[in-house]
Amino acid sequence: DLSYNLLEDLPCFTACKKLQKIDLHHNEIAEIKADTFWQLAALRSLDLAWNKIKTIHPNAFSSLPSLIKLDVSSNLLSSFPVTGLHGLTHLKLTGNHALQSLITSENFPELKVMEMPYAYQCCAFGACDNHYRISSQWNKDDNSSLDDFHRKDSGLLQIQDERDFEDFFLDFEEDLKSHHSVQCSPSPGPFKPCDHLFGSWLIRIGVWTIVGLTFICNALVSGTVFRSPLYMSSIKLLIGLMAIVNALMGLASGVLAGVDASTFGSFAQYGAQWESGIGCQITGLLSIFASEASIFLLTLAALERAFSAKHATKFETKSSTASIKIAISFCFMLALIIAVIPLLTGSDYGVSPLCLPLPFGESTAMGYMVALVLLNSLCFLVMTVAYTKLYCSLEKGELDNIWDCSMVKHIALLLFTNCILYCPVAFLSFSSLLNLTFISPEVIKSILLVIVPLPACLNPLLYILFNPHFKEDLGSLRKQTLIWRRSKHASLISVNSEDIEKQSCDSTQALVTFTSASISYDMPTSSSLMPPSYQMTEGCSLSSVAFVPCR
């Protein structure tokens with residue numbers, strides 16, 4: 001036993017012919033040479049865990065015919081030699097994160113128990129459907145002393161006297177014979193799949209549908225909203241920015257769908273490289289940033305609508321665009337900080353191939369998810385209170401008379417939809433916190449892949465289907481495109497500026513010209529001369545925007 005020292009180099013143990021067990025864990029060993037354990041025919045157990053081993057010579061274990069247990073966990077290995085290890089029954093490689101290649105079962109015909117760095121490496125040993133768990137001699141704290149190790153062994157075997165290490169393995173192997181399979185950990189499952197990332201065609205079709213609709217709908221919304229960037233109202237700016245961040249969420253889901261398609265049927269070969277690579281980190285960062293930014297922008301839009309509607313009924317000045325832009329910058333900054341936190345705390349996005357912090361497992365990841373749910377729940381509570389107060393303060397029928405009430409109703413619809421869709425995510429996080437295990441991993445996976453990105457698809461779809469602003473903006477965009485095409489092809493005809501202005505005016509009859517940079521409300525002397533829906537006008541000398549009365 002040479003453990004817990006500062007050994008950097010090992011001598012040649014060839015002269016120690018009768019050695020049966022060597023403990024060298026917790027040292028500073030960097031390399032295992034070819035002659036280090038040469039011709040140790042009696043050696044049965046070798047522990048090299050918790051060192052700094054980067055390379056092992058291909059023939060380092062080739063002359064160890066009696067070796068049945070090998071522990072090289074928590075090192076810096078990127079490759080592992082298999083020559084001479086046909087008689088191995090217990091192998092531990094966990095903690096070597098650079099060791100991502102698959103190890104075939106043909107090299108270890110006698111193997112009974114093994115611990116690998118990644119669950120995907122257990123797929124080659126038929127562990128995909130294997131959920132059997134046993135207590136082994138490796139269920140010990142790696143930092144415990146040798147005496148603690150013997151006490152745990154004796155407790156496992158339910159004996160009081162100390163027994164020989166060989167007798168322990170004989171009893172252990174007899175216990176394994178009835179199971180006829182290799183006990184490999186960590187075991188594959190829904191979040192560590194062997195064949196397909198998505199697992200089922202229902203999830204696969206759902207994700208691809210969400211990705212397609214997300215890109216198309218958000219492109220339409222952002223294209224119509226930002227068609228005239230010289231001036232736009234605050235609420236339209238928020239709607240356009242929400243479409244952009246929703247498209248980022250669709251991009252993150254699209255990357256996962258692409259990985260599922262490119263590794264179809266053989267995900268185990270690429271799973272370790274994917275979840276530990278930079279692509280998975282960027283995908284997770286993009287997903288969390290887009291999700292949080294969307295919620296923050298929706299909260300800001302709800303507060304802006306509540307404030308604007310309240311002051312519009314009193315014919316007061318609305319909130320300035322500058323303050324809205326400052327609030328938007330704060331929302332983006334806060335969302336970015338939240339998305340970067342997992343990378344700084346060590347609980348990165350590579351804990352699963354879905355590239356999302358899971359609401360179970362390590363305490364840091366669970367704490368992060370619970371904090372995220374509490375923050376988002378606070379946002380929904382603020383939105384609900386603001387809108388409830390708004391509706392309660394308005395008299396019956398007064399909502400239809402306020403400025404741009406279609407946007408007020410649209411934000412209310414988004415609030416209701418997003419809140420309903422967020423309930424399963426919140427319930428999932430709190431159930432994991434309370435150790436409620438009645439939710440299967442397959443259901444959790446479906447929620448993370450389908451329910452989480454669903455608002456990015458529904459938000460622009462609701463705007464396209466139910467908001468009259470989109471129809472007016474789309475019609476105006478078509479007419480502007482038609483005018484541009486006509487002017488482009490009329491190269492031989494001289495068109496004066498008055499004709500162009502007249503065509504522009506005819507094509508935008510529904511537009512109300514802004515007369516000043518600030519927004520003002522004018523009430524005529526006799527309210528009976530104009531319908532209530534048209535008692536307010538809004539002007540700006542920079543451009544023109546559509547005024548859509550409530551119907």
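Given the conditions (1) outside any helix (DSSP H, G or I); (2) open to solvent by less than 30 Å² (accessible area, probe 1.4 Å), and given that PHE438 satisfies all but one, which numbered condition is not satisfied? Unmet for PHE438, out of (1) outside any helix (DSSP H, G or I); (2) open to solvent by less than 30 Å² (accessible area, probe 1.4 Å): (2).
Is it fair to say LEU220 is touching a residue at least 60 places away in the same chain (Cβ under 8 Å), open to solvent by 20 Å² or more (accessible area, probe 1.4 Å), closer than 30 Å to ILE341 by Cβ and not in a loop (DSSP other than H, G, I, E, B)? The answer is no for LEU220.
Looking only at residues in segment 93-130 that are charged (D, E, K, R) and modelled with pLDDT of 90 or more, the one that is most open to solvent (accessible area, probe 1.4 Å) is GLU110. Checking the stated criteria, SER73 turns out to be touching a strand residue (DSSP E or B) at 6+ places or on another chain (Cβ under 7 Å), assigned to a loop (DSSP other than H, G, I, E, B) and of a type in the set (Ser, Thr, Tyr). You will find that of THR83, THR94, the residue that is more than 21 Å from GLN20 (Cα to Cα), assigned to a loop (DSSP other than H, G, I, E, B) and of a type in the set (Val, Ile, Thr) is THR94 and no other.
Restricting segment 386-410 to residues that are among the aliphatic types (A, V, I, L, M) and part of a loop (DSSP other than H, G, I, E, B), which is modelled with the lowest pLDDT? If we take residues in segment 386-410 being among the aliphatic types (A, V, I, L, M) and part of a loop (DSSP other than H, G, I, E, B), then ILE402 is modelled with the lowest pLDDT.
The values are calculated or read from the model by the stated rules, or taken from the named source; none is laboratory data. Please read these numbers as outputs of a predicted model, since none were measured by experiment. So basically every Cβ, Gly included, is an ideal-geometry build from the backbone, and we count neighbours across all protein chains shown. These accessible areas exclude ligands, DNA and RNA; they are computed on the full protein's heavy atoms, side chains included. Shrake-Rupley method; radii C 1.70, N 1.55, O 1.52, S 1.80 Å.
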